[in-house]
Amino acid sequence: MLSDLVGEKGHVVGIDMTEDQLEVARKYVDYHTKEFGYKEPNVSFVQGYIEALTEAGMEKNSFDIIISNCVVNLSPDKKRVLAEAYNVLKDGGELYFSDVYSSGRLTEEIKNHKVLWGECLGGALWWKDLLQLAEEVGFSTPRLVTASVITVDNKELQDVLGDYKFVSVTYRLFKVPKGKTNSCQVIYNGGITGVEDCFQFDFHYTFKVGDVVEVDGELANILTHSRFKDDFTFKPPGGPCEPCAVKPKADTVDPFELVSQLEKQSPGSATGGCCSTKSATCCK
C-alpha cells in the first residue's frame with residue numbers, strides 16, 4: 001500500500017527485528033514492482049529495532065512519515081523510540097502509530113509477567129506518560145485519532161491486572177516548530193489521494209471540501225508546517241465564514257474518555273486488539 005502511495009519516485013523502508021519476517025517480505029518486492037509498473041523497486045527492508053533506527057542505517061532528517069502498528073509496547077524504552085523517530089523525520093514529518101495504553105502506570109508484577117508482556121499489555125504505557133514523553137522529545141502534542149477497548153477474558157490474568165484498563169489507540173505526532181500559533185480558518189482543497197471529498201485528520205477534525213473550518217492554534221501550526229500545507233487554503237481568524245462548517249467538538253485527549261463516548265453512541269462496538277512484532281515503516 002505504501003509503495004503504491006509514495007509512487008515510483010518515493011521510497012519505503014520496512015524495519016523489523018526478526019530476520020524471518022524480512023525474508024518473507026523481500027520475496028514480494030519484485031512482484032509489487034511489476035504490479036505497480038515501476039522500473040526499479042521503491043521498497044527496501046532492513047533488520048533492526050524501532051528504538052534504534054539510526055543504528056539500523058536510517059539517516060537523520062530523511063523521512064516524511066513513520067508508521068508503526070501496535071509494537072511500541074514491546075520496547076522497554078519508549079522515550080528512545082520517540083527520540084529515534086524524531087531524529088530520522090524531516091522537519092514537518094509525522095509519526096503515525098497505534099499502540100496499547102493503560103489507565104495508569106503498571107506495577108512491576110505486571111511489567112515482568114511474561115504472558116502479559118507477550119499479549120502486549122505488560123509493556124503498555126500510561127497514556128498520560130505518552131503526552132509527557134512526546135513533549136520532552138520535541139514532538140507536538142499527540143493528536144488522538146481512534147481508541148478501542150482491549151478486553152481480557154482470562155480470569156487468572158484479570159486477577160493480576162486488577163483495576164487496570166487497556167485501550168488500543170492511534171495517535172499522530174508531528175515534528176513542527178514550537179511556539180504559540182493563532183487559531184485560523186482553513187478550507188480543505190481535496191488533494192489527498194483516497195480522501196478527495198472528506199478528510200478525517202483526527203477524532204476532532206473532519207474536513208469536507210469547500211467547508212470553512214476553524215482549527216485550534218496547534219493544528220494550524222501542524223497544517224502549515226507539514227506535508228498537508230498545500231492541501232489547505234488558510235484564512236485569518238475572524239474572516240468571512242461562508243460556507244461555514246460546524247465548529248469541532250471540545251478536545252478530548254483521554255483515550256478512555258473517547259472510548260466512553262463511542263460506547264454511548266454505539267454500545268459494544270469499541271473493541272480492538274494488537275499485533276506483536278517489533279517493527280516500523282519509514283516513508284519519504
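The values are calculated or read from the model by the stated rules, or taken from the named source; none is laboratory data. Source: prediction; values computed, not measured. Don't worry about glycine lacking a Cβ; one is built from the backbone with ideal geometry, like all the others, and counts go over all protein chains shown. Heads up: the accessible areas ignore ligands, DNA and RNA and are worked out on the full protein's heavy atoms, side chains in. Shrake-Rupley method; radii C 1.70, N 1.55, O 1.52, S 1.80 Å.
Some values worked out for this structure:
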item: Neighbour net charge for LEU161 - beta-carbon separation under 13 angstrom, K R +1, D E -1; result: -3
item: Test item: Cα-centred dipole of the chain, Lys/Arg +1 and Asp/Glu -1 on Cβ, debye; result: 480 debye
item: Euclidean distance between Cα centres, region 127-154 to region 103-125, Å; result: 16 Å
item: Of every Cα-Cα pair in the chain, the percent that sits beyond 30 Å; result: 37 percent
item: Loop-exposed chymotrypsin sites (Phe, Trp or Tyr not before Pro) per DSSP, neighbour cap 16 Cβ within 10 angstrom, longest uninterrupted part of the chain; result: 39-284
item: Charge tally in the Cβ shell below 13 Å around GLY190, where Lys, Arg are +1 and Asp, Glu are -1, GLY190 excluded; result: -4
item: Amide H partners (placed H, <5 Å) of PHE63, local residues excluded; result: LEU89, LYS90
item: Whole-percent carbon and sulfur share, accessible surface of region 34-109, 1.4 Å; result: 46 percent
item: Furthest towards positive pole of dipole, ILE67, SER102, GLY138, structure part region 56-138, Cβ charges; result: SER102
item: For the chain: accessible area per residue (Å², 1.4 Å); result: 51 Å²
item: Rg and Dmax of region 1-146, Cα atoms only, in Å; result: 16.7, 53
item: Cα gyration tensor shape for region 164-204, rounded if a/c is under 1.5, else prolate or oblate; result: oblate
item: Cleavage-rule hits (trypsin sites (Lys or Arg not before Pro)) in region 90-179: DSSP loop, at most 10 neighbouring Cβ within 10 angstrom; result: LYS178
item: Relative contact order (%) - the chain, alpha-carbon pairs under 8 angstrom, separation at least six; result: 24 percent
item: Region 79-219: C-alpha pair distances exceeding 17 Å, %; result: 68 percent
item: Length released on extending from ASN189 to LYS34, taking residue separation times 0.36 nm less the Cα-Cα span; result: 52.6 nm
item: Region 1-105: GluC sites (Glu not before Pro) falling in loop per DSSP and having at most 10 other Cβ within 10 Å; result: GLU55
